[in-house]
Each structure stands twice: as structure tokens, then as C-alpha cells.
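Peer 1: Right, I'll just put the structure down here and ask away after.
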Amino acid sequence: MKNNTPLFKRMRENRLFWPLVALALIFIFNAIFSPGFFKLGILDGHLYGNLIDVFNNSAPLMLVALGMTLVIATGGVDLSVGAVIAISAGMGAVLINPVFGNEEITNAVAADPNLTNTPLWLVVVVTLLAGTLCGLWNGILVSRAKISPMVATLILMVAGRGIAQLIERGQIMTVYYTPYFWFGNGFILGLPVSMYIVALVYIIAWVLVRKTSIGLFIESVGLNSKSTYYSGISEKNVKLFAYTFCGFCGAVAGLILGSYIHAIDANNIGLNYELDAIFAVVIGGTLMSGGRFSLLASIIGALIIWTFTITMYIFGVPANALLAGRAVLVLVVILLYSDYARVFLNRLVDRKGPRHDATN
Amino acid sequence: MTQRIKLFLLNNGPLLTTILIFVLVYYAGGQLYPKMQKPQVFFNLFINTASLLIVSIGMTFVILTKGIDLSVAGMIALTSAASAAILLKGVNPVLVMILMLLMGIAFGIAQGSIIHYLKVEPFIVTLMGLFFTRGMAFIITLSSLTIKDPFYRYLALTKLHIPFFEKAYLYIPSLVGPLLLLVAVYLAKFTRFGRTVYAIGNSEQSAMLMGLPVARTKIAVYAFGGFCSALAGIVFSISLLSGYGGYAPGMELDAIASVVIGGTMLTGGVGNVIGTLFGVLINGTIVSILQFNGTLSSWWTRIGVGVLTLVFIGIQSLFYMRKKHS
């Protein structure tokens, strides 16, 4: 049988295989039913089209998924990323806001696109710092206070949106400062800025994880925390690093999202991102129990989620009803990844060879 | 004798702390805002947290087996939307309620089966459940549907006067939670099912080796969770007299926080249902203090609940460590 060639088997066992198959299926579906999907055009010197939209929209999710991958690889989970996005984006908006506190933004302020309270670099630094601190807090709770990851991050998930509202004094902050919009809406060489940011963070993460021993430590903590400790690796610091990095990724996502929307609503920005990020990681084939992980697979996972979403938008499915479609997608993925399905599929593909030998 | 008292305190420490904190918070509220001393404010807690209490009771059992059910809020929204849509067609309201409860149980069984037989993390399965139920609710209706059924209106608007208290009243749906609580206490403490739930939470492997019906119990627990969410959904739609897919946002977190504040450990096997009642009441008290204050904003509720959860986890681990040492 042709299917039994080692190449196919090797492909099947590669962790990028299933995510790529899923992505390809969605693309094929699009190619058949909505030919306009792949059309790319040039407008104002940059590319536009559905594919670019997919990349631009999925950038925050990709970032969050990167951080989430490391956290899940240590055997934990970070439920607070949505709240971290809200907090860090909120910090940025408050700093930009030309008038302090509860004062109303007048029309004169709104009309001036370059009015800001703080220089842009400071806004970016504080945004990133806020998210990183949130991650550090999670990391300290998990690694030092020994609270189970789900509960520890649940605290920030519940309280975080409250904190974000506190920062913004319960208002939806509209941003009028034009340079800030560059992160979510700008283009470099015809491609969205957010894609470059994702690439940058990915390279940083990849170098940290694959070119130093941190990646190995993370995997070993996820596989067996205790034995890692006995082999002389500070499993606490590995966990602390993973959560802090996740917070940092959430902050970058918050920066892009806030600048993309032009307004920060503490209750809705980054809503359900924790769930989507976990999905992306799971679709990428990283086990929830921790252990081996692949950053690229998680990014593809995020891409799958958004390609699916935009495809559904094209077909006129309402955004809210899409939740059910997404759930079905996840159900399929879960079934594909479950041990039963894996055994079943492998048997289905491998069965014919040995059986022939046996019967002959 | 002192040894026995000590043991009692250690065993029931988290529960007693929860009750103590509830009393303290309520007393502080009463001192700050004298109007909070009125009995009606106390009964309002039950009216306002009616569906949260029901959901939290189901959640307690799920958490006791070391699982988690994130789909509860979605189930509430789906129940409200579905029952509103069916009632518009003029179907008998009692039949609608029974249908909704069956739907909840069936959904719970489906979730439990996937969790147990396909060995998928409960967290992921129920997350999918949350998305699925909310999505289905939005497929049923994209806007809020009003319920005009006379039976639902009767249930929603009839005041039950409390004996011995002047002017104090409850609504019929707010009695469902306390009644369910009695059933839940009976289930947890006095039935084989309850003991099996605790055993599974402590160690599923040992429970299996002891010959306990792990599969049946686990699926039953999720079915009970689904039943509770559907029941909460019915109560919710009665109290609002409408149905919409976006209702009860984030209630799964409130429920989990209430269960944790009530002294149930998320690692499974430790905790009890009565604590959950007080967890829910603390949640309600914080909300009503904020309402009485008026100037404090709603975000303090979330921060308050977060801080309380943190404090309680600290208290729990303290008691747990003490118990281990003694």
C-alpha cells in the first residue's frame, strides 16, 4: 500500500501535520465555495484582502497562544490573559489620554490627532510592563505560593477586569492619538505591522526556547515536576519564567488590540482570548498535561481559528452564532487528538499491510 | 475533650471561617448602612443569587470529583432562550420546564461521557460546551425574547410573605435553591453516590481499584451539573421573564469563586455543599453593600471577589497543612 510508506507515517507523526491538514481543509473549502477569499489587492501601497485580514486579526491571538504554549507546556494554564490584555491596553489608553482622571474629553482634544500626555515610547513600555507584572504575579502565585495554576490565574481573571475598569474609571476610553494606531493598523512593506511584531516575539521565544536550555527545562517540568527538581533544576524559576512570558505576550497583544480598535473597553477587549488561546495551543498538539510543545504549531492553531472565523463571516454567519460552529470545530479537534481516535486512525491506516501478511 | 474540639475545628475550619466571614461582612455592612439591617435585605440575598446558588451547588459536586464545569452560564443562556422561544409557540409551560431539564441532563451526560471515555480534560470539554450552548442560544434568537406566559408571570410575581417578619417576602423561584441545597446535602453526606464522589476526588485510581462505579458516578455528576444549570436557567428566565443568549456572562467564574470561598478545594475530594451556600451569600452581600454605597463602582465587586478567593485559598492550604501534620 502506498499509504504505508515511511514518509507518510513520518508525516503523520510530525506534530505540525494535523494542524496543517486542518488549515488546508479550511483553505480548500474556501477555494471551492468562496473564490474571492484568496484575492489580494493593493490599496494605498499595501496589500489588502481576506488573507491579510486573517493575519492581521489573528496576530493578538498568535501572541497570546505563544505565551500560553509555554505555560501549558509546564503543565499549567493561564486563564488571565484576557484580563491582562484589558489591563495593559487600559494602562496605555490612560497614559495617552490628554486629560487626567475623570475629566471629559472635549471636542478640541478629540480633533487634535497628536495630543498626548506621555511620549509614545513610554506608553509602549508601560503597557508591556503592566502585562509583564501581571504575569509575574501569576508566576509567583503558582511557583512560590504553590497554588494550582487554574485557581491562581482565575483570581486575576476575575479581579483583572475589575482592575482594568478601575484604571479607566469605568469608562470606555477612546483614543484619538494617531501614532498609537500604527501597531494595529500600520503597514511595513505592504504587510501589517502586527505580523512583524508576531514574528519578532516568535523569534525571541524560539531563540530562548530552542537555543538555550530553557525549552528543555520547561518540557521536563511539564513531564515531571518532581524529578526535575531532584535533578537540580529550579522548577520554580522555570514556571515563573513561563507565566511572566505569558503576561508579556498578553501585553503585546493588548497593545495591538487597543491600537487596532482605537478604543479600550475594559469589559470587552480581549474577551474569550484565554479560551481561544487554549484552543490554539490544543489544536497545535501540545498536551494540556504538559510536556513537549511546539511554538509554530500553536501559531498555526491561532491561524486556523481565525481563518475559520473569517470564513464563517464571509458566509454571513452572525458573530454570536459562530460560537456554536467554533465549538463543533473544537469537538472535531478533540476527537482527533484523543488517544482513542489516534489508536483508531493508526490502526485504520496500518491495518492493511500486516493483515495481508497474516492471511497469506 | 479539648482534643476533640481541636479536631472538630480542624475538620470544619474552612467552613467555620466562611460562615464567620459572612457574618462579619454582613455585620460590617449593617453598621455602615443601617438600612441593611432590615430583614428584607437579608432575604434579597436569596432573591438575587437564586440562580447562582443552584449553579454553584452543581458545580460543587463537579469540583469535588476534581473536575470543572465551565458550561454552566452558557446552559443558563440556552435554557432561557430556548424556553422563551418555545413558550412563544404556546406550549404548556410545565412541559417546557421538563424539556429544559431533560436537555440539561442530556447535555451533562454528553459532556461527562466525552470526559470519561475519551479522556479529554474536563476543562476543555466544558469550555467547548460553553461555546456550543451560547452559540445555540444565539442561533435560536439573536435578540432578547420576552416571556408572556401567564404561568411564568405568576411564578415571577407572586410574593411569599415570611412569617414573623413584617414586610419581608421571597419569590417562589428563590425557594428552589435552598430546597436543592437540602437534596444536595443528603446526596453528599448520606448516599453511596456522595461517598463515591469524594473518593473519586481524592484519587480516581484508588476509587477504581476499590471497585467503585467511577464511570457511572462521574457521568452522573456532570449530568447533575447540567440539571442544575438548566434549573438555574429556568429560575433565571422566570426572574427576568425573557430569554437571550448573552445572559449571565461570566457566571461560571462567580460559581467557581463561590465554591472555592465555600471551602471546597479545586484539587478535589475536600469540601462540602453548605459552605457553597455561604460562598454564594458572601458574593451577594458584597454586591448589596456596593449597591447601598452607591458611589463605589461595580468593578469593586470583581476585585473583592478575586481578593476573597485568594484569601480563602490561603486559609484552605493553611488548614490542609495543619491537618496533614496532626
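Peer 1: Against the longest principal axis of chain A, how steep is helix A:50-73, in degrees 0 to 90 to the nearest 10, with axes from Cα atoms?
Peer 2: 70
Peer 1: Kindly identify residues of the stretch A:273-307 having a loss of at least 40 Å² in accessible area between the isolated chain and the assembly of all protein chains, probe radius 1.4 Å.
Peer 2: Those are A:275, A:279, A:288, which lose 40 Å² or more relative to the chain on its own.
Peer 1: I need the shape label for chain A. Rule: rounded when a/c is under 1.5, else prolate if a/b > b/c, else oblate, with a, b, c from the alpha carbon gyration tensor.
Peer 2: It comes out oblate by the Cα gyration axes.
Peer 1: Sticking with this structure for a sec: Taking square-rooted eigenvalues a ≥ b ≥ c of the alpha carbon gyration tensor, is chain B rounded, prolate or oblate, where a/c under 1.5 means rounded and, failing that, a/b exceeding b/c means prolate?
Peer 2: Taking the square roots of the gyration eigenvalues as a ≥ b ≥ c, chain B is oblate.
Peer 1: Run the 1.4 Å probe and let me know the accessible area of residue A:169, rounded to the nearest 10 Å².
Peer 2: Accessible area of residue A:169: about 130 Å².
Peer 1: Taking accessible area as the heavy-atom solvent-accessible surface of the protein chains with a 1.4 Å probe, which residues of the stretch B:278-304 lose no less than 50 Å² upon going from the isolated chain to the full protein assembly?
Peer 2: B:299, B:302, B:303
Peer 1: Follow-up. Testing the spin-label approximation: label points 7 Å from Cα along Cα→Cβ at residue B:292 and residue A:210. State their distance in nm.
Peer 2: Inter-label distance under the simple model: 6.0 nm.
Peer 1: Do the sum for the protein assembly as shown: with -39,500 (n - 2.57) for every DSSP H run of n ≥ 4, divided by all residues, what is the mean residue ellipticity at 222 nm, to the nearest 500 deg cm²/dmol?
Peer 2: When only DSSP H runs of four or more count, the value is -23000 deg cm²/dmol.
Peer 1: Provide the buried accessible surface between chains B and A in square angstrom, both chains summed, 1.4 Å probe, rounded to the nearest 100.
Peer 2: 3300
Peer 1: Now, a different point. Measure off, as a whole percent, the carbon and sulfur share of the 1.4 Å-probe accessible area of chain A, all protein chains present.
Peer 2: Carbon and sulfur together cover 66 percent of it.
Peer 1: Still on this structure, I have one more. Considering the options B:123, B:58, B:13, tell which one lies farthest towards the positive end of the dipole of the stretch B:1-144, charges being +1 on Lys and Arg and -1 on Asp and Glu at the Cβ, about the Cα centre.
Peer 2: The one lying farthest along the dipole's positive direction is B:13.
Peer 1: Then there is this: Can you list residues whose amide H is under 5 Å from residue A:187's amide H, if they're 5+ apart or on another chain and H is modeled 1.01 Å from N?
Peer 2: Amide H to amide H, under 5 Å and 5 or more residues apart or across chains, residue A:187 pairs with A:193.
Peer 1: Pairs B:35/B:167; A:146/B:119; A:226/B:66: which are spaced more than 23 Å apart, C-alpha to C-alpha?
Peer 2: Long pairs (Cα-Cα over 23 Å): A:146/B:119.
Peer 1: Something else: Run the numbers on chain A and let me know its relative contact order in percent, using alpha-carbon pairs under 8 Å that are six or more apart.
Peer 2: In percent, rounded to a whole number, it is 31.
Peer 1: Moving on to the next point. Kindly sort B:227, B:123, B:8, B:151 by accessible area of their heavy atoms, largest first, with the probe set to 1.4 Å.
Peer 2: B:8, B:151, B:227, B:123
Peer 1: Quick one: helix A:17-33 against the long Cα principal axis of chain A, what's the angle to the nearest 10°, folded into 0 to 90?
Peer 2: 70
Peer 1: Where does each of B:280-287, A:76-83 land if you order them by average Cβ count within 10 Å, highest first?
Peer 2: Sorting B:280-287, A:76-83 by mean packing, highest first, produces A:76-83, B:280-287.
Peer 1: Distance in nm between label sites at residue B:215 and residue A:263, each 7 Å beyond Cα in the beta-carbon direction?
Peer 2: 5.3
Peer 1: Which stretch or stretches of the stretch B:208-250 have amide N atoms under 12 Å from the point lying 7 Å from residue B:190's Cα along the Cα→Cβ direction?
Peer 2: Answer for the stretch B:208-250: none.
Peer 1: Based solely on C-alpha atoms, express the radius of gyration and the Dmax of the protein assembly as shown in angstrom.
Peer 2: Using the Cα atoms of the protein assembly as shown, the pair Rg, Dmax is 26.1, 91 Å.
Peer 1: Within 10 Å of each Cβ in B:243-256, how many Cβ atoms from other chains are there, averaged over the peptide?
Peer 2: For peptide B:243-256, the averaged partner shielding equals 2.
Peer 1: Let me confirm one metric for peptide A:140-148, namely the mean number of other chain beta-carbon atoms within 10 Å of its residues' beta-carbons.
Peer 2: Counting Cβ atoms of other protein chains within 10 Å of each residue's Cβ and averaging gives 2.
Peer 1: So if R0 is 60 Å, what FRET efficiency would residue A:129 and residue A:335 give, r being the distance between their Cβ atoms, rounded to the nearest 0.05?
Peer 2: Efficiency at R0 = 60 Å is approximately 0.90.
Peer 1: What residues of the stretch B:93-122 lose no less than 10 Å² of accessible area with every protein chain in place versus their chain by itself (probe 1.4 Å, heavy atoms only)?
Peer 2: Residues of the stretch B:93-122 that lose at least 10 Å² of accessible area once the other chains are added: B:114, B:117, B:118, B:119, B:120, B:121.
Peer 1: According to the square roots a ≥ b ≥ c of the eigenvalues of the Cα gyration tensor, what is the shape class of the stretch A:216-339, taking rounded for a/c under 1.5, prolate for a/b larger than b/c otherwise, and oblate for the remainder?
Peer 2: Oblate shape, in that a/c is at least 1.5 and b/c is the bigger or equal ratio.
Peer 1: Given an 8 Å cut-off on Cα distances and at least 6 residues of separation, report the relative contact order of the stretch A:119-251 as a percent.
Peer 2: It comes to 48 percent, rounded to a whole number.
Peer 1: While we're on this one: I'd like the carbon and sulfur percentage of the solvent accessible area for the stretch B:160-275, probe radius 1.4 Å, heavy atoms only, ligands and nucleic acids excluded.
Peer 2: 67
Peer 1: Then there is this: Remind me, relative contact order of the stretch A:184-288 in percent, using alpha carbon pairs under 8 angstrom and six or more residues apart?
Peer 2: Relative contact order, the stretch A:184-288: 23 percent.
Peer 1: Under unit Cβ charges (Lys, Arg +1; Asp, Glu -1), what dipole magnitude, rounded to 20 debye, does the stretch B:133-253 have relative to its Cα centre?
Peer 2: Dipole of the stretch B:133-253, to the nearest 20 debye: 180 debye.
Peer 1: Ok, one more. How large is the accessible surface per residue of the protein assembly as shown, computed with a 1.4 Å probe and reported in Å² as a whole number?
Peer 2: Normalised by residue count, the accessible surface of the protein assembly as shown is 45 Å².
Peer 1: Just to confirm my numbers, what's the Cα centroid distance between the stretch A:215-286 and the stretch B:206-220 in Å?
Peer 2: 34
The values are calculated or read from the model by the stated rules, or taken from the named source; none is laboratory data. The model shown is predicted, which means the values in this text are computed figures rather than measured ones. Please note: Cβ atoms are built from the backbone with ideal geometry, for glycine as well, and neighbour counts cover all protein chains shown. Heads up: the accessible areas ignore ligands, DNA and RNA and are worked out on the full protein's heavy atoms, side chains in. Shrake-Rupley method; radii C 1.70, N 1.55, O 1.52, S 1.80 Å.
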